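Notes for the one structure printed next.
The values are calculated or read from the model by the stated rules, or taken from the named source; none is laboratory data. Being a predicted model, the structure only gives us computed values, none of them experimental. Because the Cβ atoms are built from the backbone with ideal geometry, glycine has one as well, and the counts that use them run over all protein chains shown.
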Amino acid sequence: MTLDEILANVADQDRGREFELLDPVDGKPTGIKLRIVGPDSETAHKARLALADELAEMADHNGRVSAENREKARLNCLARHVVDWEVEEDGKPVPFSHANVLRLLKVHWIQEQVDAFAADRAAHRRVG
């Protein structure tokens, strides 16, 4: 692997990859598709920086952040890794927005799948 290949992969990770959520019980596709950036992307880097800033702002005078606030900041960070989607509700497309992604991420099994895919470098590398 060469430096130009590594840097090209980092740039490519910023375009994201499509990931279809799987039913947590039977493993079948749900039809909900998310475009998620890779862990080495600039978008992921900015999400981590925003997480650090958010936690610093949430800290009390002793530097402590409540569990509730840490969880809120973590979910905000994870939501920033999702850059587009195909989601329907009541048969209509749901507009893509950070707030709507957070709404989806309230479901723990969805958090787990999104987090795992966002961290998977192999899933974000083009082969060939």
Residues (part of a strand (DSSP E or B) and touching a residue at least 60 places away in the same chain (Cβ under 8 Å)) located in the stretch 83-112
Val83, Asp84
If I ask for residues that are part of a helix (DSSP H, G or I) and under 25 Å from Glu86 (Cβ atoms), which ones from the stretch 10-22 would you list?
Ala11, Asp12, Gln13
From the residues in the stretch 62-108 that are polar (S, T, N, Q) and more than 16 Å from Arg48 (Cβ to Cβ), which one is surrounded by the fewest Cβ atoms within 10 Å (Cβ to Cβ)?
Asn62
Counting only residues that are charged (D, E, K, R) and in contact (Cβ under 8 Å) with a residue 60 or more places away in the chain, which one in the stretch 113-128 is nearest to Cys77 (Cα to Cα)?
Asp120
Which pairs do you get when a residue that is of a type in the set (A, V, I, L, M) and surrounded by 15 or more Cβ atoms within 10 Å (Cβ to Cβ), found in the stretch 50-61, comes within reach of a residue that is at pLDDT 95 or above and assigned to a loop (DSSP other than H, G, I, E, B), reach meaning Cβ atoms under 9 angstrom, with the pair 6+ apart or on two chains?
Leu51/Arg80; Leu55/Val65; Met58/Val65; Met58/Ser66
Within the stretch 113-125, residues surrounded by 10 or more Cβ atoms within 10 Å (Cβ to Cβ) and either assigned to a helix (DSSP H, G or I) or in contact with a helix residue (DSSP H, G or I) (Cβ under 9 Å, 6 or more places away or on another chain) (or both) come out as Gln113, Val114, Asp115, Ala116, Phe117, Ala118, Ala119, Arg121, Ala123, His124, Arg125
Quick one: count up the residues across the stretch 16-30 that are touching a residue at least 24 places away in the same chain (Cβ under 8 Å) and either touching a Ser or Thr at 6+ places or on another chain (Cβ under 9 Å) or loosely packed, with under 11 Cβ neighbours inside 10 Å (or both).
3
Number of the condition not met by Lys33 [criteria: (1) of a type outside the set (Val, Ile, Thr); (2) touching a strand residue (DSSP E or B) at 6+ places or on another chain (Cβ under 8 Å); (3) surrounded by 13 or more Cβ atoms within 10 Å (Cβ to Cβ); (4) closer than 13 Å to His124 by Cα]
(4)
Residues that are within 19 Å of Arg15 (Cα to Cα) and in contact with a Gly (Cβ under 8 Å, 6 or more places away or on another chain): does the stretch 101-118 have at least one?
yes
Output the number of the condition that Leu75 fails; it satisfies all remaining conditions of (1) touching a residue at least 24 places away in the same chain (Cβ under 8 Å); (2) under 17 Å from Arg15 (Cα atoms).
(2)
